[in-house]
Amino acid sequence: MKCLPATKPDLIVKPRLIRQLFLPPLILLLTLGLGYVGFLVSEHNSIRALSENGERQLELHARAVESEITKYTYLPSLLELEDSVSTLLNDPDGEHRQAVNDYLEGLNRRSRSRAIYVLDTTGRVQATSNWRDADSFLGEDLSFRGYFQAAIRGQPGRFYGIGSTTGEPGYFLAHGLEEHGKLIGVAVIKVRLEALEERWQKARLEAFVSDENGIIILSSDPARRLKSVRPLTPEIKERLARSLQYYWWPLNELEPLARQRLADGVELLTFATHTDKPGKDINVTYLSQSRRLADTPWRFTLLTSMQELRHEAIVQGVLVAVAFALLAFLLIAWNERRKVLATRLAAREALEQANSHLERRIAERTQDLRASNERLKGQIRERRQAEETLRKAQDELVQAGKLAAIGQMSTSIAHELNQPLAALRTLSGNTVRFLERGALDTASTNLSTMNELIDRMGRITASLRSFARRGDDKGQASLGKALDGALQVLASRIEASHLSVQRTCAELQLAIDQTRLEQILVNLIGNALDATAGASEPTLWLDGRMEGERYALRVRDNGHGIDVETRKHLFEPFFTTKPGDHGLGLGLTLSASLAAAAGGNLAVEHPADGGTTFILSLPLAAASPSESP
Ligand code: ADP
């Protein structure tokens, strides 16, 4: 039994399996990662573009605010030129107040400011443009106001606050009025800057202005107004409360949900923004850019919504992810196709190789076959030639055998013919004498005896002639006639040796030439005669019977038999045990080859009780009558 090698458990995971297991999650991860990177890059670029654009917007709108503020800076100082004002301040109890009130009212109307008023050095309002109004400042003590205190110190008073009388916010600009180098009072102009806010709202601009305390004084979104952009210290809170700059306003802190500083004056702020739907606030992130406004300690801040930018970045991220996924899909498809093509190519090459190999082998085999065919043809030719040569040799042998037999027989034939000839001579001489004597009966008897003798001599020569004739492979023979002929040829020897012939065989036709059959029988019977030469009762049995398809004639004698050594060479040509000219050693060889040529054979048996039996088997002739004992 063949032992198969023990197979190891398949621990090695095939690379293809690894690819199939890990590739999809890897591609998914890469898709998500690249999508996120795309989102970040897009956001970063958009923020940069946005901040560049915001820079310009910031500059534009900051300048607009600056020009709005500086528009009024010269106005308080103009009052120094007005004599009625200085007169009033030098003499507050005089009758110049109304004139100054009227003047200020007219000036206020032309300059489109909120109010213009004049304070004496103690901070009391001596004249005002709103003298007609119920909430007129006239007579009020505003010495606690920062702008007054700054102006009295000779500094420009800049102040944004809520009016203590009207409760209305406004921008206050104060200027110390001098006469001959001496401070005689303070001129103040109150301006409302709401126009800026309205302009921003109309332009859908999100912006605010914060003062030196970080409190938003102007805002496009009213909700952010008066909120601090940074935490207020307790000292500042106290100072503001004392100066009532923002009246009693709570000044809450503007608290963004998230704050991320990007650069100096640039940060990302996220606010919860109210929507129209109640309770549905949304978080909006703004890019906040701010810059200081010239001539004031204030800062202008521009807010640019990042809502659209975020959407765009998300879309870009998704696009990147989709593009990568598509690319990965195309690459995988291309790779699979490449593999299929490579496999097909390899298969085709293998097929072509196998084909060419096969063709080569077929050509080689064809050549081999052709060569062996040629060899076979040659062998067949040689075999035919050999057969031809053999047949010729056979014929020659037969003929030689016949001639040899004739030579052998010539002595006995001469003897056979001499005897009747001598008898004929004697008889003819006697007959002549009997005729001379007139003994006609005796002469007639002698003559008939002579006739018989002549007939006998004729038969002897006829059998010799037929024996010497060349035979044929085909034809048919009568067994009875052949036996008669053979016994006739050998009659004198049979007679001389007193051989008893026991003949039990059928009268039938065998498929062999008549002469050849006779020749075989002459050989076999001749050998039997030789073998039984010294026997006390020499006997020859000719016993025929059907054996299968053939007819077997047993030629048996009770002679000396054949010794073991001789048996080995019996059918060899020119093998003989007979001395001198007696034997040629061709008889059995010829007989066997003649029998074989007729489709039969010649065999030998050695009976236990002595003697020898030759068995001649021959096929029946086509129209042979059935055996009759
Ligand atoms: P030949 O008769 O010329 O010797 P054969 O071929 O006829 O040649 O016989 C060969 C030999 O076979 C003979 O010499 C003889 O020794 C032996 N032989 C043939 N027939 C007989 C027989 N019937 N009995 C004994 N020996 C035989």
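The values are calculated or read from the model by the stated rules, or taken from the named source; none is laboratory data. Because the structure is predicted, anything quoted here is derived from the model rather than measured. So basically every Cβ, Gly included, is an ideal-geometry build from the backbone, and we count neighbours across all protein chains shown.
Does residue 513 count as away from the ligand (no atom under 12 Å from the Cβ), farther than 30 Å from residue 393 by Cβ and charged (D, E, K, R)?
no
Just to verify a result, which residue in the range 493-546, among those that are in a helix (DSSP H, G or I) and of a type in the set (S, T, N, Q), is surrounded by the most Cβ atoms within 10 Å (Cβ to Cβ)?
Within the range 493-546, the match that is surrounded by the most Cβ atoms within 10 Å (Cβ to Cβ) is 519.
Of 149, 126, which residue is closer than 22 Å to residue 73 by Cα and not in a strand (DSSP E or B)?
None of the other options fit; the residue is 149.
When the residues of the range 530-551 are narrowed to those that are in contact with a Leu (Cβ under 6 Å, 6 or more places away or on another chain) and within 12 Å of the ligand (Cβ to nearest atom), which ends up nearest to residue 484 (Cα to Cα)?
This residue is 540.
Mind listing whichever residues of the range 227-265 are over 60 Å from the mean Cα position of the chain (by Cα) and in contact (Cβ under 8 Å) with a residue 40 or more places away in the chain?
229, 242, 243, 244, 245, 246, 247, 249
Which residues, taken from the range 157-179, are out of contact with any Gly (no Cβ under 8 Å at 6 or more places or on another chain) and at pLDDT 85 or above?
Answer for the range 157-179, where residues must be out of contact with any Gly (no Cβ under 8 Å at 6 or more places or on another chain) and at pLDDT 85 or above: 171, 178, 179.
Does at least one position in the range 552-574 carry a residue that is within 17 Å of residue 481 (Cα to Cα), in a helix (DSSP H, G or I), away from the ligand (no atom under 16 Å from the Cβ) and touching a strand residue (DSSP E or B) at 6+ places or on another chain (Cβ under 7 Å)?
no
Only one residue in 72, 103 is surrounded by 12 or more Cβ atoms within 10 Å (Cβ to Cβ), part of a helix (DSSP H, G or I) and aromatic (Phe, Trp, Tyr). Which one?
103
Does any residue of the range 88-95 turn out to be within 14 Å of residue 186 (Cα to Cα), part of a strand (DSSP E or B) and either out of contact with any helix residue (DSSP H, G or I) (no Cβ under 8 Å at 6 or more places or on another chain) or aromatic (Phe, Trp, Tyr) (or both)?
Our first condition is that a residue be within 14 Å of residue 186 (Cα to Cα); within the range 88-95, this holds for 88-90, 92.
Retained after the next criterion (residues that are part of a strand (DSSP E or B)): none.
No; the residues of the range 88-95 include none that is within 14 Å of residue 186 (Cα to Cα), part of a strand (DSSP E or B) and either out of contact with any helix residue (DSSP H, G or I) (no Cβ under 8 Å at 6 or more places or on another chain) or aromatic (Phe, Trp, Tyr) (or both).
Out of the residues in the range 576-616 that are of a type in the set (Asp, Glu) and either at pLDDT 90 or above or under 16 Å from residue 518 (Cβ atoms) (or both), state the one that is farthest from the ligand (Cβ to nearest atom).
It comes out as 609.
In the set 401, 471, which member is surrounded by 13 or more Cβ atoms within 10 Å (Cβ to Cβ), touching a Ser or Thr at 6+ places or on another chain (Cβ under 6 Å) and at pLDDT below 70? Spell out the reasoning first.
Values: 401 fails: touching a Ser or Thr at 6+ places or on another chain (Cβ under 6 Å).
Within the list 401, 471, the selection yields 471.
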